[in-house]
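Colleague: Right, I'll just put the structure down here and ask away after.
The values are calculated or read from the model by the stated rules, or taken from the named source; none is laboratory data. All figures in this text were calculated on a predicted structure; none of them were measured in a lab. So basically every Cβ, Gly included, is an ideal-geometry build from the backbone, and we count neighbours across all protein chains shown.
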Amino acid sequence: LRYVEMGGNLRKLITVVKMRGGAHSKEIREFDVMGSGIVIGKRISGYEHLITGIPTSEGGKFGK
């Protein structure tokens, strides 16, 4: 789980690093906590260094 600031907005990201006994997606996805539970959203693409908390876009520093 990770909070990341992207374009002036705080976003929550999730990824599974290891899972016993089976294959899993290694994608980084956005998530939200709702009254009905956790909602896993779309895959985040076009950025690097997301898990550091300071992402960069493919074209350079995010937001510059």
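Colleague: Which residue is surrounded by the most Cβ atoms within 10 Å (Cβ to Cβ), if the candidates are limited to segment 1-48 and must be touching a residue at least 40 places away in the same chain (Cβ under 8 Å) and assigned to a strand (DSSP E or B)?
Modeller: Val4
Colleague: Exactly one condition in (1) of a type outside the set (D, E, K, R); (2) in contact with a Pro (Cβ under 9 Å, 6 or more places away or on another chain); (3) at pLDDT 85 or above is false for His49; which is it?
Modeller: For His49, the failing item is (3).
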